[in-house]
Amino acid sequence: TKTMVFTSFDGGTAQVWTMGTDGSGRRQLTTDGSNGSPRPTADGGTIFFVTNRSGRAGIWRMDASGAGQRLVAEAPESWDLALSSDDRTLLFTGPSVDRVDSTWTVPTGGGQPSLLVKGLTHAVESPDGRAVAGFWQARPDAPLALAVFPRAGGEPSVVFPGSVPTVNGGVWWSRDGRALYYTNADRMNVWRQPLSGEAATVVTGLA
């Protein structure tokens, strides 16, 4: 049975759990503080997560069993945790110096986080590792839009101003890297946006 990693609020505090895809073997991995946004590596051997545990808030890692929990990077305000396509880098949202929600990166081996794109949230790396996509605000008063940036940062390579994403939603790449999936402002449906610029289409069609 394959295993999935998830956040549960059983007991009133967010904690990281695992269980089989058939619902068997449910097991709690964290207990100290509030823990969430678990991101396992491709081989499932390591799980990265965000925690607010006292004095050591930030991004942590642990073995798939829950053992070996240790700090990767101090980032007291961090969310939208994501792994790069090669499992070597973590991307996350956190405030910039002037308090603008932005995308930061840090090596999975630990280190000092560095700012990648100011104003970009929910960032995820493309399958080929050459780009990141997310929800972007060019200015604090600008509308939120789906956008793609070079992996090295800089100016966006494409912006979809007609998109209506939600800050509570998410962004995902298609397996071939030719389209993006995202949650619209209705917070129920998933939309598909081709990078070629064609109009976005709804995928789920929920009410």
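The values are calculated or read from the model by the stated rules, or taken from the named source; none is laboratory data. What you see is a predicted model; the values in this text were computed from it and never measured. Reconstructed Cβ throughout: ideal geometry from the backbone, glycine too, with neighbour counts over all protein chains shown. For accessibility, only protein heavy atoms count, side chains too; no ligands or nucleic acids. Shrake-Rupley method; radii C 1.70, N 1.55, O 1.52, S 1.80 Å.
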Alpha-carbon Debye profile of the stretch 68-142, log10 I(q)/I(0) at 0.14 Å⁻¹: -0.42
Once Lys and Arg are counted +1 and Asp and Glu -1 for all other residues with Cβ under 13 Å from that of Leu83, the total becomes -2
Just by accessible area at a 1.4 angstrom probe, what is the order of Arg53, Arg61 from largest to smallest? Arg61, Arg53
Relative compactness, the stretch 1-103, computed as alpha-carbon Rg over 2.2 N^0.38 Å: 1.07
Positive end of the charge dipole of the chain (Lys, Arg +1 and Asp, Glu -1 on Cβ, about the Cα centre): tell me which of Pro140, Gly197, Thr46 has its Cα farthest that way. Thr46
Can you report the principal axis dimensions of the chain using only the alpha carbons, biggest first, rounded to whole angstrom? 46, 40, 32
Neighbours of Leu71 by Cβ distance under 10 Å: Lys/Arg at +1, Asp/Glu at -1, summed charge +3
Which log10 I(q)/I(0) values, to two decimals, does the stretch 112-205 give at q = 0.15, 0.19, 0.22 Å⁻¹ under the Debye formula with one point per Cα? -0.52, -0.84, -1.13
Ignoring ligands, DNA and RNA, please state the percent of accessible area on the chain from carbon and sulfur, probe 1.4 Å. 50
Using θ = phi - 60° and the Karplus relation 6.51 cos²θ - 1.76 cosθ + 1.60, list the HN-Hα couplings for the stretch 94-102 in order, rounded to whole Hz, with x at every Gly or Pro. x, x, 7, 4, 9, 6, 9, 4, 9
Treating only the Cβ atoms of Lys and Arg (+1) and Asp and Glu (-1) as charged, compute the dipole magnitude of the chain about its Cα centre; round to the nearest 20 debye. 200
What whole-number distance in Å separates the alpha-carbon centres of the stretch 144-207 and the stretch 50-100? 24
Result for the chain: accessible area per residue, probe 1.4 angstrom, in square angstrom, of 51
Summing Lys, Arg as +1 and Asp, Glu as -1, what charge do residues with Cβ under 10 Å from the Cβ of Trp17 carry, Trp17 excluded? +1
Loop chymotrypsin sites (Phe, Trp or Tyr not before Pro), the stretch 130-207, which have at most 12 other Cβ atoms in a 10 Å radius of their Cβ (DSSP): none
Hey, what D do you get for the stretch 117-164 in µm²/s if you plug the Kirkwood alpha-carbon radius into Stokes-Einstein at 20 °C and 1.002 mPa s? 201
